[in-house]
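Enquirer: My questions will all concern the structure given below.
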Amino acid sequence: MKTIFSRILLAQGVTVLLALVVATTITRVNLSQSFKGFLETQERNILQTLVPVFADLYESGEGWSFLRDNPRAWQKIWHLSHPEPGEERRGRSSPNHGGQSDHSGPPGRRQSDFQLLRWMGPPERGIFRDRLFLLDENRNRISGAARESGRPGPLEAIEVDGQVVGWIGFAPLGNVLPPDADRFLAGQIRITVVSFLIALLVAVALAYLLARKVSRPVRQLGVAVKDLSRGNYGARVAVEAGDEMGNLAGHVNQLAESLEKSRTARQRWMADIAHELRTPVAILKGEVEAMADGVRPADERMAVSLQEEIDQLSKLVDDLQTLAMSDAGALNIQRETMDFSGLVLRCVESVGTRLAARAIAVELQVADAIPIQADQRRLRQLVLNLLENCCRYVARGGRVRVILSQSREAIRLTVEDSGPGLEDEQIEHLFERFYRVEDSRSRSGGGSGLGLSICKNIAEAHSGSIQAEASTMGGLKIQVSFPAWMAEK
């Protein structure tokens, strides 16, 4: 199985090997080109040095006849040594021991000619000597290497008394380097290969350490994720660094915490639902059994009690359905043009009797007609839920303030009361499902704990928001904001 550890090692090794191949190739090509450039420069210097020598040979031999089609004489030039004792410059017709002229070698020569020509004699100079050629003034070959017309090499004119009498040049070098250059190039390549092999070993060692350091947190992450998939939401990953891997470990830990909270909330949700359903069902069962046993008469009082419990049960089921639809993204919003101000006033009027029964004063600051595009039934549910909280929790003789305003930025509905107030920690949990401030689950003191959760979902379904904070009146302040574009133009 391919792991991150093995992949990092393989990638590092392949990278260094590729670098070795590329660097070796580039080094060889670059050195070859550099040598060729150096040799071309050296060839021109050699030709410029040989031009006066061949000019002297031309003058002393009265032309190129002693070299034309005479390879022996051409080769003999490079094997000249010091002149014999008493030998001086003489013309082409100088006699030999037999009184005849010797056309197998060059005529009279000077000491400087020997010094210049002997440099070409040693075997290691063959790369120059074997490629040298001599042309006449019309560039016809006289002797030396064959000249390639398609690939001209360095060429220098030989002048005598200001007149071109011949040309001397080198045939192109081609792809063959001199032995010295080959040896030097091979040495450089060996050094390069050895250097990269050492670099490869170092890179593999570093890659091993890096791969082990990277793969270890990955394995830990894999174990933690596997535990999470099995339902062990208490699994955590140690965050050892602040890099991307550390950030990933932190995100996995946050996911684990969220899953753990979600499981706890789901368990509490199920317990709360069971409790809320059990209470009205138990009351209904008790009333029916008492009526069946003849303990209580089937009178109007009994019917009213049963109706209240059925209504409570029906409201709870409706609230649960609303939340379920909101969670599934299926909360149906039927937008229509409506007067938000009128809706708020009607809702306040509908709970006015209950508020008055507890001597709770209501202060209204509702703007004139605010036509908006919204779901009237859902907004009515939102406003009534907010006012229902006031009816349940505001102390007797308290005050409630309802404000509805419109600005260029938003449409805001604010409901605040005189208390009792809540702690900041309690305010943070107000919009959680089944959350109630009182510790007991007495249905006489509070509702099901779903009202504010439903308000939050309805506000968000209308692209709005809801928030709670402490009120300057001493109690709780809840503000619902809707975008300004909802207002009917």
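Enquirer: Which condition breaks for Ser32 when tested against (1) within 30 Å of Val160 (Cα to Cα); (2) in contact (Cβ under 8 Å) with a residue 12 or more places away in the chain?
Expert: (1)
Enquirer: Might you check whether a residue that is exposed (fewer than 13 other Cβ atoms within 10 Å of the Cβ), farther than 26 Å from Ile411 by Cα and of a type in the set (Val, Ile, Thr) occurs anywhere in the range 326-340?
Expert: no
Enquirer: For the range 375-420, what are the residues that are modelled with pLDDT under 90 and either on the phi > 0 side of the Ramachandran plot or of a type in the set (Ser, Thr, Tyr) (or both)?
Expert: Correct list: Tyr393, Gly419.
Enquirer: Note down all Cβ pairs under 7 Å where the first residue falls in the range 173-194 and is farther than 14 Å from Ile26 by Cβ, the second is modelled with pLDDT of 65 or more and of a type in the set (Val, Ile, Thr), and they're at least six residues apart or on different chains.
Expert: Every condition considered, the pairs that remain are Pro178/Ile127.
Enquirer: Which residues, counting only those in the range 26-54, are at pLDDT 80 or above and over 17 Å from Phe170 (Cα atoms)?
Expert: Scanning the range 26-54 gives a single hit, Ile26.
Enquirer: Also: Give Gly174, Gly153 a once-over and let me know the one that is crowded, with 16+ Cβ neighbours inside 10 Å, at pLDDT below 80 and in a loop (DSSP other than H, G, I, E, B).
Expert: Details: Gly174 fails: crowded, with 16+ Cβ neighbours inside 10 Å.
Only one candidate passes the filter, namely Gly153.
Enquirer: Sticking with this one: Quick one: which of Arg396, Arg436, Arg401, Arg408 is surrounded by 18 or more Cβ atoms within 10 Å (Cβ to Cβ), more than 29 Å from Val317 (Cβ to Cβ) and of a type in the set (Lys, Arg)?
Expert: Values: Arg396 fails: surrounded by 18 or more Cβ atoms within 10 Å (Cβ to Cβ); Arg436 fails: more than 29 Å from Val317 (Cβ to Cβ); Arg408 fails: surrounded by 18 or more Cβ atoms within 10 Å (Cβ to Cβ).
Within the list Arg396, Arg436, Arg401, Arg408, the selection yields Arg401.
Enquirer: A follow-up question, please. Can you tell me which residues in the range 364-399 are closer than 20 Å to Phe431 by Cα and hydrophobic (A, V, I, L, M, F, W, C)? Let's see the steps before the verdict.
Expert: Applying the first criterion (closer than 20 Å to Phe431 by Cα) to the range 364-399 yields 378-394.
Residues satisfying the conditions are Leu379, Leu382, Val383, Leu384, Leu386, Leu387, Cys390, Cys391, Val394.
Enquirer: Tell me, please, whether a residue that is surrounded by 14 or more Cβ atoms within 10 Å (Cβ to Cβ), modelled with pLDDT under 80 and among the acidic types (Asp, Glu) can be found in the range 213-231.
Expert: No: zero hits.
Enquirer: Now for a separate question. Hey, can you tell me all the residues within the range 232-252 that are open to solvent by 30 Å² or more (accessible area, probe 1.4 Å) and among the small types (Gly, Ala, Ser)?
Expert: Of all residues in the range 232-252, those open to solvent by 30 Å² or more (accessible area, probe 1.4 Å) come to 232-234, 236, 238-245, 247-248, 251.
Of everything in the range 232-252, those that are open to solvent by 30 Å² or more (accessible area, probe 1.4 Å) and among the small types (Gly, Ala, Ser) turn out to be Gly234, Ala238, Ala241, Gly242.
Enquirer: Every residue in the range 188-209 that is among the polar types (S, T, N, Q) and open to solvent by 50 Å² or more (accessible area, probe 1.4 Å), please. Break it down into steps so the answer makes sense when it comes.
Expert: Here is the first cut: in the range 188-209, the residues among the polar types (S, T, N, Q) are 188, 192, 195.
The answer is Gln188, Ser195.
Here is a yes/no grid of residues against (1) within 15 Å of Val480 (Cβ to Cβ); (2) among the β-branched types (Val, Ile, Thr):
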| position | (1), (2) |
| --- | --- |
| Glu336 | no, no |
| Gly342 | no, no |
| Leu355 | no, no |
| Ile370 | yes, yes |
| Arg378 | yes, no |
| Leu384 | yes, no |
| Tyr393 | no, no |
| Arg396 | no, no |
| Arg401 | yes, no |
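Enquirer: Condition check: in contact (Cβ under 8 Å) with a residue 24 or more places away in the chain and more than 41 Å from the chain's Cα centre (by Cα). Does Leu284 satisfy that?
Expert: On the way: in contact (Cβ under 8 Å) with a residue 24 or more places away in the chain: yes; more than 41 Å from the chain's Cα centre (by Cα): yes.
Criteria met by Leu284.
Enquirer: Moving on. Checking Gln376 against (1) more than 20 Å from Gly449 (Cα to Cα); (2) without any contact (Cβ under 8 Å) to a residue 24 or more places away in the chain; (3) open to solvent by 50 Å² or more (accessible area, probe 1.4 Å); (4) among the polar types (S, T, N, Q): exactly one of these is not met. Which one?
Expert: Of the numbered conditions (1) more than 20 Å from Gly449 (Cα to Cα); (2) without any contact (Cβ under 8 Å) to a residue 24 or more places away in the chain; (3) open to solvent by 50 Å² or more (accessible area, probe 1.4 Å); (4) among the polar types (S, T, N, Q), the odd one out for Gln376 is (2).
Enquirer: A follow-up question, please. Report, by residue number, each residue of the range 319-334 that is within 21 Å of Phe431 (Cα to Cα) and at pLDDT 80 or above.
Expert: Of everything in the range 319-334, just one residue is within 21 Å of Phe431 (Cα to Cα) and at pLDDT 80 or above, namely Ile333.
Enquirer: Moving on to the next point. Which one is nearest to the chain's Cα centre (by Cα) among residues in the range 384-440 that are part of a strand (DSSP E or B) and within 16 Å of Gly352 (Cβ to Cβ)? Steps first, please.
Expert: From the range 384-440, those part of a strand (DSSP E or B) are 399-406, 410-417; that's our starting set.
Those left that are additionally within 16 Å of Gly352 (Cβ to Cβ): 399-402, 415, 417.
Numbers: Arg399: 57, Val400: 55, Arg401: 53, Val402: 51, Val415: 48, Asp417: 52 Å.
The extreme case among them is Val415.
Enquirer: Moving on. Across the range 467-487, what is the total count of residues that are of a type outside the set (D, E, K, R) and either open to solvent by 30 Å² or more (accessible area, probe 1.4 Å) or modelled with pLDDT under 90 (or both)?
Expert: Taking the range 467-487 first, the residues of a type outside the set (D, E, K, R) are 467-468, 470-476, 478-487.
Now drop any that are not either open to solvent by 30 Å² or more (accessible area, probe 1.4 Å) or modelled with pLDDT under 90 (or both), which leaves 467, 470, 472, 474, 479, 485-487.
Total meeting the criteria: 8.
The values are calculated or read from the model by the stated rules, or taken from the named source; none is laboratory data. Here the structure is a predicted model, which means the values were calculated and not measured. Counting neighbours? That spans all protein chains shown, and the Cβs are built from the backbone with ideal geometry, glycine included. SASA here: full protein model, heavy atoms, side chains in, ligands and nucleic acids out. Shrake-Rupley method; radii C 1.70, N 1.55, O 1.52, S 1.80 Å.
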